[in-house]
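What follows is a short report on a single structure.
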Amino acid sequence: MKTTNYLFILIFCFIRITAEAQLSFGVRAAYVKAWMEYGDAEVPDGAIIHVHRYQVTGLVNYDLSQHLSIGLEPGFTQRGAACFPGWIAFLGDTRLLLNYFELPVMATYRFPVFKNKYEAYGKTGFGVSKALSAYRRISNAGTGNPPDKRKLDMEDSNLRQWDNGFYGGLGLARKLGNSRLFLEADYYHGLRDVDILNTSRNRSIHIGLGYTTTL
């Protein structure tokens, strides 16, 4: 309940701040390399702990100055790991696949480069995520059978529905009049264990392309 209240407060405050402001809107699509931090659990040398996922995000930004802006980045993002929490032996190549709706609040600092035709920028922020669905995928290597993918009941499992954490990133944008075409790399550092019984905090790197325009 506290996380839900936090989410509504963020949305309300942002709407109040930007009610009479000129806003920029956009969209970003990204490749996601996701894994989990397992604490003191021993991971075998050479073991693959990441999974390849994707992300689609909307962008709403308000310029506080020529260089500084704040914004919301609501979107659909996939996370997970190549090992189910608690199964560190990696038996059967069991993967945990998670689908989230996320809402980070970001602060971005921009500065011109390359004769003012481009902008380099750094960004940081904090946000909350709600799991929409979760799957356990077990490969059947050597059998010729397709992987066994089963949907998990979020209400009847050890998995948390809510996550929160810090975001940070770097990017380069090409200015096109009132619009921008950009390439950026971001990192997400989750603060809560995904599995209540095991250390399992979300980590992910995003490489994305996007477009924004000022109305």
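What follows is calculated from the coordinates using simple rules that are stated; it is not laboratory data. Keep in mind it's a predicted model, so treat the numbers as computed, not measured. All Cβ positions, even for glycine, are placed from backbone atoms using ideal geometry, and neighbour counts span all protein chains on display.
At a glance:
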quantity: Karplus 3J(HN,Hα) series, Hz, for region 190-202 with 6.51 cos²θ - 1.76 cosθ + 1.60 (x for Gly, Pro); calculated: x, 9, 10, 6, 5, 9, 4, 8, 9, 5, 6, 9, 5
quantity: Virtual spin-label span in nm between K175 and D153, 7 Å along Cα→Cβ; calculated: 5.7
quantity: 3J(HN,Hα) from dihedral phi, region 56-66, Karplus parametrisation 6.51/-1.76/1.60, rounded to Hz, x for glycine, proline; calculated: 10, 10, x, 10, 10, 10, 10, 7, 7, 7, 4
quantity: Nitroxide proxy distance, nm - points 7 Å out along Cα→Cβ at R192 and F166; calculated: 1.9
quantity: Total charge dipole magnitude, region 91-215, about the Cα centre, Cβ charges on Lys, Arg, Asp, Glu only, Debye to nearest 20; calculated: 600
